[in-house]
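The values are calculated or read from the model by the stated rules, or taken from the named source; none is laboratory data. Owing to the predicted nature of the structure, the values given are computational and were not obtained by experimental measurement. Here the Cβ positions follow ideal geometry from the backbone for every residue, glycine too, while neighbour counts run over all protein chains shown. Remember, those area values only see protein heavy atoms, side chains included, never the ligands or the DNA or RNA. Shrake-Rupley method; radii C 1.70, N 1.55, O 1.52, S 1.80 Å.
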Amino acid sequence: MPPATTSPLAQHRLALYGSASLVATSAVVMRAFKERANFYAATVWLGRSNGCILVLVNFGIFCTILFGKFCQAVFFGQLRPIEVEHLYERSWYAVTETLLAMTIFRDQFDASFIILFGTLLFLKVFHWLCADRVELMEQSPSLSRLFHARMVSVLWTLFCLDLFLVAFAIEVLILEQQRMGIMIMFASEFTILTATLWSTIAKYVLNCVDLRSDEPWEGKSMYVSAVDLVTDFLKLATYLCFFSLILTYYGLPLNIVRDVYVTGRSFFGRIRDLLRYRAATRNMDTRFPNATAEDLARTDATCIICRDEMVARGEGEFTPPGAVNDTPKKLACGHVFHFNCLRSWLERQQSCPT
Ligand SMILES: [Zn+2]
Ligand SMILES: [Zn+2]
């Protein structure tokens with residue numbers, strides 16, 4: 001059975017919501033044309049009433065959802081249950097964050113805020129979906145041409161949109177000084193989006209390179225952590241930059257305190273891991289002696305990391321460049337593992353696997 005993205009119940013609810021919105025909108029618009037003769041006057045009449053605006057905004061939300069569903073079908077096809085779950089979690093997080101932001105900029109809240117926020121959330125959803133798809137690439141060994149065509153087109157589209165929106169927000173910031181608070185927030189949000197997109201693109205490329213060869217790619221995790229490190233750095237720099245701007249002009253930006261903390265912790269955690277990893281894997285060849293045939297005879301000659309047999313190397317026998325280095329290496333505690341297994345273990349943990 002293919003994974004269901006929307007249950008019949010959810011589709012039913014959406015249809016119900018859609019028809020209710022449509023009925024309300026047509027009623028309001030018809031009323032406006034009854035009250036006022038021409039188009040312009042009717043529009044003004046609509047704009048005066050808060051209730052009418054609410055109905056129109058609601059209809060806009062419904063159209064956005066429909067458009068989003070359409071884009072999802074074009075670029076992603078059916079979503080997996082895990083993707084839907086992530087989507088709900090992250091949307092909730094994004095909405096609470098914006099509510100916090102509104103406490104700072106409540107005097108600047110208007111229609112353009114809703115439009116900008118809608119655009120932001122809409123784009124975020126597709127960034128999350130891309131990140132999830134790239135993450136799941138490793139688990140799905142056979143990827144169709146359609147998958148790659150979709151990924152390349154959606155990543156390219158998002159890349160252009162992100163750059164455009166960052167430029168737009170910064171331009172408005174410079175030209176139109178009176179709505180600075182909100183534009184600072186959106187400029188930072190769009191910059192962060194661009195940073196996450198770069199990481200998704202880089203990981204997609206790494207996964208593609210990895211999938212092209214049948215051999216496991218030993219250096220991959222190193223590149224992935226480099227990408228994560230750069231992404232965290234970009235995010236942290238952006239957050240700190242906008243954090244200090246808002247702090248200067250508006251007071252403590254509650255909405256990004258959490259982000260600054262989380263990103264900062266993750267960034268320094270990655271640096272610490274990288275340093276540990278460098279320390280643990282540096283000079284591995286000289287630090288850990290090759291296991292001799294006697295060492296192996298004392299154990300059952302099985303590497304417990306990969307469960308494969310280990311064969312001792314003779315004098316002057318080296319692994320040719322490019323091949324997987326499976327020389328058995330002995331730790332100080334006496335346990336023996338393949339060189340490559342030990343290294344990938346040390347990338348994650350700096351103690352004996354046993
Ligand atoms: Zn092994
Ligand atoms: Zn040990």
Q: Determine, yes or no, whether L163 is in contact (Cβ under 8 Å) with a residue 60 or more places away in the chain and in the same structural domain as L87 (by TED's automatic domain parsing).
A: no
**Q.** Unmet criterion (only one of (1) at pLDDT below 75; (2) surrounded by 13 or more Cβ atoms within 10 Å (Cβ to Cβ)) for R348
**A.** (2)
Q. Filter region 135-151 for residues that are in contact with a helix residue (DSSP H, G or I) (Cβ under 9 Å, 6 or more places away or on another chain) and among the charged types (D, E, K, R); which is farthest from L79 (Cα to Cα)?
A. E138
(Q) Among (1) away from ligand 1 (no atom under 16 Å from the Cβ); (2) modelled with pLDDT of 85 or more, there is one condition F339 misses while meeting the rest; what is its number? (A) (1)
Q. If we scan region 14-22, do we find a residue that is surrounded by 15 or more Cβ atoms within 10 Å (Cβ to Cβ), under 29 Å from the mean Cα position of the chain (by Cα) and outside the structural domain of K124 (by TED's automatic domain parsing)?
A. yes
Q | Exclusive hit being open to solvent by 60 Å² or more (accessible area, probe 1.4 Å) and of a type outside the set (F, W, Y), set E176, E97, E189 | A | E176
Q: Please work out which one of (1) assigned by TED's automatic domain parsing to the domain that holds L155; (2) not in a helix (DSSP H, G or I) is the condition A101 fails and give its number.
A: (2)
Q. Can you find a residue in region 62-84 that is open to solvent by 90 Å² or more (accessible area, probe 1.4 Å), out of contact with any Lys or Arg (no Cβ under 8 Å at 6 or more places or on another chain) and not in a helix (DSSP H, G or I)?
A. yes
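Okay, residues lined up against (1) assigned by TED's automatic domain parsing to the domain that holds V227; (2) among the small types (G, A, S); (3) within 16 Å of ligand 2 (Cβ to nearest atom); (4) open to solvent by 50 Å² or more (accessible area, probe 1.4 Å):
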| residue | (1), (2), (3), (4) |
| --- | --- |
| I256 | yes, no, no, no |
| D259 | yes, no, no, no |
| A291 | no, yes, yes, no |
| D295 | no, no, yes, no |
| I305 | no, no, yes, yes |
| D308 | no, no, no, yes |
| D326 | no, no, no, yes |
| K329 | no, no, yes, no |
| H335 | no, no, yes, yes |
Q: Answer with yes or no whether D228 is buried (at least 16 other Cβ atoms within 10 Å of the Cβ) and outside the structural domain of N325 (by TED's automatic domain parsing).
A: yes
